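Peer 1: Let me begin by handing over the structure; questions about it come next.
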Amino acid sequence: MIKYASNAFLATKISFANEIGNICKKLGIDAYEVFRGVGLDHRINPSFFRAGIGFGGSCFPKDVKALIAKAEKLGENPKLLKAVIEVNEGQHMKLIELLKNHISDLRGKTVGVLGLAFKPDTDDVRGSKAIPIVKMLLEEGANVVAYDPKAMENFRQIFPNIEYGRSGEDVVKNSDAVLIVTEWKDFENLDYSGHVDIDGRRIEKAKREARIYEGVCW
């Protein structure tokens, strides 16, 4: 129960950060500045207030859903835990919405996807936000070119027919717009000058250099 409660609480912090971040985006406020201030309160641990496109992987979604199922079996209605999952499952759509603010018709456009693993430094694509993002791009008629330092072979098992870049530079250079889906350190070294970048993970170099830059919650 300690493990489930711990993972559910961390997942809740991420979904809470995203709820606040979505409001901040509409107000023109940087959610990261907000949570920097929130974290100064000694009663609140500042870690895991990671606004963006939500959490993936095998642990957080599985454990929260398992806790929900157990609660319901016991006759409880865990409304907060259900909301955590609901927020998370819709958050990646913000990336596509922001992209369409700048390219309204994606049909025939080449959209680069930087990051396929659910988090950096792994090849694990279980629960990766890149999966529904690529699916939506294909449904919109876009041509997808994707790159990840470690996870491309695993991602290829799910999407064998999209194009895979030789490098992050290759993706940025040959795309009409780029979506940043995983916060690999490698992506801090790319040249984003003159490009359209929609950022789900807060890559500061893209924020500084892109011709058009949009962060999901900032």
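The values are calculated or read from the model by the stated rules, or taken from the named source; none is laboratory data. This one's a predicted model, so the numbers in the text were calculated from it and none came from an experiment. Glycine gets a Cβ as well: all are built from the backbone with ideal geometry, and neighbour counts include every protein chain shown.
Peer 1: Every residue in the stretch 200-218 that is over 21 Å from ARG126 (Cα atoms) and touching a helix residue (DSSP H, G or I) at 6+ places or on another chain (Cβ under 8 Å), please. Before the answer, list the steps.
Peer 2: Residues of the stretch 200-218 over 21 Å from ARG126 (Cα atoms): 202-218.
ARG202, ILE203, GLU204, LYS205, ALA206, ILE212, TYR213, GLU214, GLY215, VAL216, CYS217, TRP218 - these are the residues of the stretch 200-218 that are over 21 Å from ARG126 (Cα atoms) and touching a helix residue (DSSP H, G or I) at 6+ places or on another chain (Cβ under 8 Å).
Peer 1: For the stretch 142-154, indicate whether the set of residues that are crowded, with 17+ Cβ neighbours inside 10 Å and touching a residue at least 40 places away in the same chain (Cβ under 8 Å) is non-empty.
Peer 2: No, because not a single residue in the stretch 142-154 is crowded, with 17+ Cβ neighbours inside 10 Å and touching a residue at least 40 places away in the same chain (Cβ under 8 Å).
Peer 1: Go through the stretch 6-60 and give me each residue that's small (Gly, Ala, Ser) and touching a residue at least 60 places away in the same chain (Cβ under 8 Å). So that I can check it myself, show each step before the final result.
Peer 2: As a first pass, look at the stretch 6-60 and keep what is small (Gly, Ala, Ser): 6, 8, 11, 15, 17, 21, 28, 31, 37, 39, 47, 51-52, 54, 56-58.
Across the stretch 6-60, the qualifying residues are ALA8, ALA11, SER15, ALA17, GLY21, ALA31, ALA51, GLY52, GLY54, GLY56, GLY57, SER58.
Peer 1: Right, here's the next one. Among GLY21, GLY52, which is the only one that is part of a helix (DSSP H, G or I) and not hydrophobic (A, V, I, L, M, F, W, C)? Can you show your working first?
Peer 2: On the way: GLY52 fails: part of a helix (DSSP H, G or I).
That would be GLY21, the only listed residue that is part of a helix (DSSP H, G or I) and not hydrophobic (A, V, I, L, M, F, W, C).
Peer 1: To continue, here is another question. Would you kindly identify the helices (runs of 4 or more DSSP H) lying entirely within the stretch 122-218 that contain at least 1 residues that are of a type in the set (Phe, Trp, Tyr)?
Peer 2: Values: elements: 130-139, 152-156, 168-173, 204-209.
Hits in the stretch 122-218: 152-156.
Peer 1: Here's a follow-up. Condition first: surrounded by 15 or more Cβ atoms within 10 Å (Cβ to Cβ), assigned to a loop (DSSP other than H, G, I, E, B) and more than 17 Å from the chain's Cα centre (by Cα). Now tell me which residues in the stretch 24-49 satisfy that.
Peer 2: ILE29
Peer 1: Within the set of pairs 6 or more residues apart or between chains, which connect a residue that is over 19 Å from ALA51 (Cβ atoms) and at pLDDT below 95 inside the stretch 202-214 to a residue that is of a type in the set (Asp, Glu) and surrounded by fewer than 15 Cβ atoms within 10 Å (Cβ to Cβ) with Cβ atoms less than 8 Å apart?
Peer 2: Short answer, once both residue conditions are applied: none.
Peer 1: Please state which one of GLY21, GLY112 is under 19 Å from the mean Cα position of the chain (by Cα), within 30 Å of SER175 (Cβ to Cβ) and either hydroxyl-bearing (Ser, Thr, Tyr) or assigned by TED's automatic domain parsing to the domain that holds VAL181 (or both). Spell out how you get there, then give the answer.
Peer 2: Details: GLY21 fails: either hydroxyl-bearing (Ser, Thr, Tyr) or assigned by TED's automatic domain parsing to the domain that holds VAL181 (or both).
Result: GLY112 is the single residue among GLY21, GLY112 that is under 19 Å from the mean Cα position of the chain (by Cα), within 30 Å of SER175 (Cβ to Cβ) and either hydroxyl-bearing (Ser, Thr, Tyr) or assigned by TED's automatic domain parsing to the domain that holds VAL181 (or both).
Peer 1: Among the numbered conditions (1) in contact with a strand residue (DSSP E or B) (Cβ under 7 Å, 6 or more places away or on another chain); (2) surrounded by fewer than 18 Cβ atoms within 10 Å (Cβ to Cβ); (3) among the hydrophobic types (A, V, I, L, M, F, W, C), tell me where ALA83 comes up short.
Peer 2: (1)
Peer 1: Still on this structure: Name the residues in the stretch 91-117 that are among the small types (Gly, Ala, Ser), crowded, with 21+ Cβ neighbours inside 10 Å and either touching a helix residue (DSSP H, G or I) at 6+ places or on another chain (Cβ under 7 Å) or within 19 Å of ARG211 (Cβ to Cβ) (or both), would you? Please lay out each step first, then the result.
Peer 2: Filtering the stretch 91-117 for residues among the small types (Gly, Ala, Ser) gives 104, 108, 112, 115, 117.
Then drop every residue that is not crowded, with 21+ Cβ neighbours inside 10 Å, which leaves 112, 115, 117.
The answer is GLY112, GLY115.
Peer 1: On the basis of being under 17 Å from ILE103 (Cβ atoms), not polar (S, T, N, Q) and not assigned by TED's automatic domain parsing to the domain that holds ILE29, does ALA206 make the cut? Full working, then the answer.
Peer 2: On the way: under 17 Å from ILE103 (Cβ atoms): yes; not polar (S, T, N, Q): yes; not assigned by TED's automatic domain parsing to the domain that holds ILE29: yes.
Yes; evaluated as a whole, the condition is true for this residue.
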